[in-house]
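> What follows is a single structure, and I will ask about it in a moment.
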Amino acid sequence: MGVGMRILLRVQHTDLKASFNFGLVGAAVELGAARATYEIQGVGIGAVFADILSDLPGVGTFNYSTYLKISGPVQNKVAKFIEANREKLVPQPVAVALARPLDPLASARAVYFAMYGLAGRSSLKDILSVVPLGVDKAAVGLAYEQVAGHLSPDERPSETAQREARVWLNR
């Protein structure tokens with residue numbers, strides 16, 4: 001829940017392989033290393049937000065000049081408006097925390113990793129020790145159990161489970 005300004009920044013054609021902040025995106029655009037667009041929304045501020053953005057359209061091309069306007073005058077106007085109207089503003093939902101990601105590719109990676117481990121007859125403990133960052137270990141464990149049945153973490157899967165995983169992997 002919150003009140004303030006939300007900025008959606010879309011960056012394309014970047015040659016940079018690092019994480020960015022708004023200033024670096026603006027600089028990359030100026031150097032021709034990226035193209036970017038922005039959208040600014042007032043969260044819980046209401047119709048007066050259009051007045052706050054009087055120097056800047058709510059949607060447009062993002063460059064270093066845009067960055068300077070957003071991080072300077074626009075940010076200051078939003079802060080002053082919130083301070084002056086603190087009692088009247090009603091916080092709005094801005095995000096939802098999820099216990100697990102809803103990305104189907106994340107689930108697919110976990111199943112693939114489990115099948116890879118089963119195909120090599122690795123124990124669940126061994127395969128979980130090498131799971132790459134970003135692969136859901138709980139999902140790997142569930143896939144192991146679905147194919148190999150309930151095993152202790154140190155127990156190797158059966159040859160039947162190994163064959164099933166190899167068929168699944170087309171090996």
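> Show which aspartates and glutamates lie in cross-link reach of Lys77 when reach means a straight Cα distance below 12 angstrom and same-chain residues fewer than eight apart are skipped.
Partners within reach: Asp51, Asp55.
> Okay, next question. For His13, His150, give me the order by solvent-accessible area with a 1.4 Å probe, most accessible first, ignoring ligands, DNA and RNA.
Details: His13 130, His150 155 Å².
Result, largest first: His150, His13.
> Inverting the mean 1/r over all pairs of different Cα atoms, compute the Kirkwood radius of the range 114-171 and quote it in Å. Working shown, then result.
Details: mean 1/r = 0.0908 Å⁻¹.
Evaluated over the range 114-171, this radius sits at 11.0 Å.
> Can you pull the accessible area of Asp126 for me, 1.4 Å probe, Å² to the nearest 10?
Roll a 1.4 Å probe over it and Asp126 shows about 90 Å².
> Can you give the extra length, in nm with one decimal, that the chain gains between Leu56 and Gln41 once fully stretched, where that is 0.36 nm per residue apart less the Cα-Cα distance?
Values: separation 15, 0.36 × 15 = 5.40 nm, distance 1.20 nm.
Length gained, Leu56 through Gln41: 4.2 nm.
> Note down, for the range 25-171, the three equivalent ellipsoid semi-axes (square root of 5 times each alpha carbon gyration tensor eigenvalue), biggest first, whole angstrom. It would help to have the intermediate numbers written out before the result.
Numbers: eigenvalues 555, 81, 26 Å².
In descending order the semi-axes read 53, 20, 11 Å.
> Defining a contact as two alpha carbons under 8 Å apart and six or more residues distant in sequence, what relative contact order in percent does the range 1-154 show? Walk me through the numbers before you get to the answer.
On the way: 174 pairs, mean separation 33.7, N = 154.
It rounds to 22 percent for the range 1-154.
> How many nm separate the modelled label positions at Arg163 and Val94, each set 7 Å beyond the Cα in the direction of the Cβ?
The modelled label-to-label distance comes out at 5.8 nm.
> Here's something else I'd like to know. For a quick check of understanding: with a 1.4 angstrom probe and all protein chains in place, what accessible area in square angstrom does Leu89 have, to the nearest ten?
Per-residue accessible area (Leu89): approximately 30 Å².
> Calculate the FRET efficiency for Ile7 and Ala106 from the Cβ-Cβ distance with a Förster distance of 22 Å, rounded to the nearest 0.05.
0.25
The values are calculated or read from the model by the stated rules, or taken from the named source; none is laboratory data. If you're wondering where the values come from, they're calculated on a predicted model, not measured in any experiment. Positions of Cβ are generated from backbone atoms using ideal geometry, with glycine treated the same way; all protein chains shown enter the neighbour counts. Accessible surface is based on the protein model in full, side chains and every heavy atom, while ligands, DNA and RNA are left aside. Shrake-Rupley method; radii C 1.70, N 1.55, O 1.52, S 1.80 Å.
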